[in-house]
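Here the structure comes first, spelled out in structure tokens, and everything after it is commentary.
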Amino acid sequence: MTTTPETAARTAGSSARSGTEIRLDHVTKDFGLAHPAVDDISLTIQPGEFMTLLGPSGSGKTTTLNLIAGFETLTVGTISLNGTDVSDVPPHRRNLGMLFQNYALFPHLTVAQNVAYPLRERKMPKQEIARKVAEVLELVQLTGRDDHHPSQLSGGQQQRVALARAIVFEPRALLLDEPLGALDRNLRSALQAEIRRIHREVGSTFVFVTHDQEEAMNLSDRIALFNNGRIEQVGTPQQLYASPETLFTARFLGDSNVFELGQGAPGGSVVWDGETWGIDPATVSPHPGVRANSAIVVRPEDVEVAAGRDEVPSGANAVRATVRDVEYMGSYRTLLLSMGERGLPGRTRVSPLRGDYAIGDRIVVWWRPASQRIVAA
Ligand SMILES: Nc1ncnc2c1ncn2[C@@H]1O[C@H](COP(=O)(O)OP(=O)(O)OP(=O)(O)O)[C@@H](O)[C@H]1O
Ligand SMILES: [Mg+2]
């Protein structure tokens, strides 16, 4: 029988396609350290969603994934799959697929035998195993490699075998912990595209852990950003980038210009380094921390350059700046700046059509109040 990737996906994902909702309610994991590894997080992952757990090293991503898998026990809280509490269900009975950074294939087994392993464990009839293995190898584009041993494959191919093995038994969801972490940059982006395609074709829920913000932005339907055992913000990549609620989120995703405002809620305007700036109420994050300590965040692409104050449109917020360096990025240039009297580091993007800038140039930079964000600092 011949299978296209599409029919392979339909079969491989036939039960998963309905999708599994994963729900974490007030989940805490305390290893008895100074601070819980996971600290009262609640998160609902939608059926079929690609959810990424993103955050710095030690922020609790792997621990959360292990709690979902059942490899760690909860200190507090519940985890449910499609509304059924599985907090006390052992890992093998949760029926979840797992993929790690180190592919952990059996070196003495062939590709086909490695992929067949979870089906043998489930005592599936031989013929059905052969059919499923062929389909899933097609899905990960390794047809014809059935009889190779892992040592005969590249790192990227080995990781595809591991991926095939993780989805061949039609798990309720796939949990991936930095699966591309060991691969070089080019291979990494090729496999990102593969994982995105396979997610689309299989249609099951994926929970993907990474500390790489670019990878998270590329792959995810939504991102849960972890900070010190807590979830800082959850949203689409676009929401997190365009509407960060805290300085942590703004700094973790992309570049930003940050003006710290100190204590107090921002009113209709604020003063920073002698400059008076307008505030658009729609850009003030609802985060409760904004009332205690806030900052203005402006993305480099929203900052415009003027030769002097007279060129700044009315209603814009402006500050004088000195060009510290110019980075050539191909389609645009980045000016590295020091801004205001205190020389705050900043950056802006300019098109190559917009004249030449040299180190030491004194300029004025400006942006619209609507394109800044007031976040909790
Ligand atoms: N089995 C364990 N025993 C004790 N402490 C642990 C254990 N596992 C994790 N921790 C601690 O829990 C915290 C969170 O660890 P975790 O592995 O979840 O972080 P992570 O976000 O996955 O980090 P990384 O990006 O480095 O993989 C860390 O402080 C870690 O030292
Ligand atoms: Mg980890």
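The numbers here are math on the coordinates, done by the rules we state, and not lab data. Note that this is a predicted model, so its numbers are computed, not measured. Cβ atoms come from the backbone with ideal geometry, glycine included; neighbour counts cover every protein chain shown.
Remark: spin-label model distance S269-T78 equals 5.4 nm, labels positioned 7 Å along the Cα→Cβ axis. Of all DSSP bridge pairs formed entirely within the chain, close to 75 percent run antiparallel.
Tell me whether the chain comes out rounded, prolate or oblate; compute the Cα gyration tensor, take square roots of the eigenvalues as a ≥ b ≥ c, and use a/c under 1.5 as the rounded threshold. It comes out prolate by the Cα gyration axes. Compared with the dominant Cα axis of the chain, that is its longest principal axis, helix 126-139 is turned about 20°. Here the relative contact order of region 5-238, from alpha carbon pairs under 8 Å that lie six or more residues apart, stands at 33 percent. Taking 0.36 nm per residue of separation and subtracting the current Cα-Cα distance, fully stretching the chain between D310 and D361 would add 16.7 nm. Charges were assigned to the Cβ only: +1 to each Lys and Arg, -1 to each Asp and Glu. The resulting dipole of region 255-376 about its Cα centre is roughly 160 debye. Cα gyration tensor of region 295-367, axes a ≥ b ≥ c as square roots of the eigenvalues: rounded (a/c below 1.5), prolate (a/b > b/c) or oblate? Rounded is the answer for region 295-367, as its axis ratio a/c remains below 1.5.
Between the residues T52, T110, S87, the greatest Cα displacement towards the positive end of the dipole of the chain, with unit charges on the Cβ of Lys, Arg, Asp and Glu, is found for T110. Peptides 241-250, 179-188 ranked from most to least packed, by the mean per-residue count of other Cβ atoms within 10 Å: 241-250, 179-188. The residues neighbouring R368, those whose beta-carbon lies less than 13 Å from its own, together hold a net charge of -2 under the Lys/Arg +1, Asp/Glu -1 convention. At an R0 of 56 angstrom, the distance between the Cβ atoms of K123 and M329 translates into a FRET efficiency of 0.50.
Averaging the Cα positions of each part gives two centres, and for region 37-87 and region 114-142 these lie 29 Å apart. Among 128-138, 303-313, sorting by the average number of other beta carbon atoms lying within 10 angstrom of each residue, highest first, gives 128-138, 303-313.
When the Gaussian network model of the chain links Cα atoms closer than 10 Å, the mean-square fluctuations of R333, R299, R172 top out at R333. By the beta-carbon count within 10 Å of each Cβ, the least crowded to most crowded order of S87, S59, fewest first, is S87, S59. The order of T75, T52, T62, going from fewest to most other C-beta atoms within 10 Å of their C-beta, is T75, T62, T52. Placing dummy labels 7 Å off each Cα toward the beta-carbon, the span from T322 to D146 is 7.1 nm.
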